[in-house]
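Okay, structure first, notes after.
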Amino acid sequence: MNKFLRINIFAGLLFDGVFLSGCQESTPEQEMSRAVALARNNQWQKAAKIADTLARKNPSLAAAHILRAVTSEHNGDRQTALDAARRALEIDPDNFVTRYTLARLYASDPARSSEAHTRLLKAWVKRLSDVQVQILLCNAAMEANSPRAVSYLQNLALLPAFAESAALNNQFAVSFVRRRQYDKALQYFQYAAMLGKDEPEILLNVARFYDSCLQNRRFTNRIRKKDAIDMYQRFLKIAGDDSSGKVEAAARLSKLQNSR
């Protein structure tokens, strides 16, 4: 079975809680506020300069290191982001934001998905109702191929914001493919295609699944060659010029069209 795309449901940055609670108005806090405002206005380079200066001048201020981690990450300096997040956790290991930030950075690295999952669970204990943590837990579990992924998906499906999410249904489908529960995978891929009719990644994933089923003579009474062809054509019609899947889709489509 081909490797299917796992689509992250959410990959946002967390600014809430960056500031230290109970702190009097101070120059570091004012500077952090200025940096956050710049970041929210997509002026990440300027925000990063402020964060670097804050962390250097206030080495024991966890919030400054968190800000440095977030701005460095957004500017593509992953190593600095990791170092800053680790330093923040050393300073304030019981703070939700410090735990969450390092765990989120780990979650973006497939090689550290298991460690990310462990760290995210520790962060979740601090804030059980936090949806962002639940989403990242799901993404990390998917990367690690953990059986817990399905339970996280089921929890998210109970939330109105995700009940009709094409990406969430895609995640369900991929999780069932990996457990060779192809009948369930087919149901979720079909629903994902209906919900994500304007989402290229979803359509390509469904096309791959149909294609694979045809190659393995699976669901011969439910999936026709025309279904896979149509799905590839739908993807190619809406995919952007820089889509990395266009070459693959065109090649697969041509092979299908020329097959008996």
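Throughout, read-outs are computed from the coordinates displayed, never taken from laboratory work. All values reported here derive from a predicted model rather than from experimental measurement. FYI the Cβ positions are ideal-geometry reconstructions off the backbone, even for glycines, and counts take in every protein chain you see.
Couple of notes before you dig in:
- Failed condition for ALA250, given (1) farther than 17 Å from LEU153 by Cβ; (2) surrounded by 19 or more Cβ atoms within 10 Å (Cβ to Cβ): (2)
- Against the list (1) closer than 30 Å to ASN155 by Cβ; (2) part of a helix (DSSP H, G or I), the condition SER129 fails is (2).
- Residue check for ILE91: among the aliphatic types (A, V, I, L, M) and buried (at least 23 other Cβ atoms within 10 Å of the Cβ): no
- Meets criteria (small (Gly, Ala, Ser) and either in contact with a helix residue (DSSP H, G or I) (Cβ under 8 Å, 6 or more places away or on another chain) or more than 22 Å from GLU143 (Cβ to Cβ) (or both)) for ALA63: yes
- Within region 111-130, the only residue that satisfies the criterion of being surrounded by fewer than 22 Cβ atoms within 10 Å (Cβ to Cβ) and under 13 Å from the mean Cα position of the chain (by Cα) is SER113.
- Unique residue being surrounded by fewer than 21 Cβ atoms within 10 Å (Cβ to Cβ) and hydroxyl-bearing (Ser, Thr, Tyr) when the list is SER72, SER151: SER151
- Residue that is farthest from the chain's Cα centre (by Cα), among those in region 140-150 that are farther than 20 Å from TYR191 by Cα and outside any loop (DSSP other than H, G, I, E, B): ARG148
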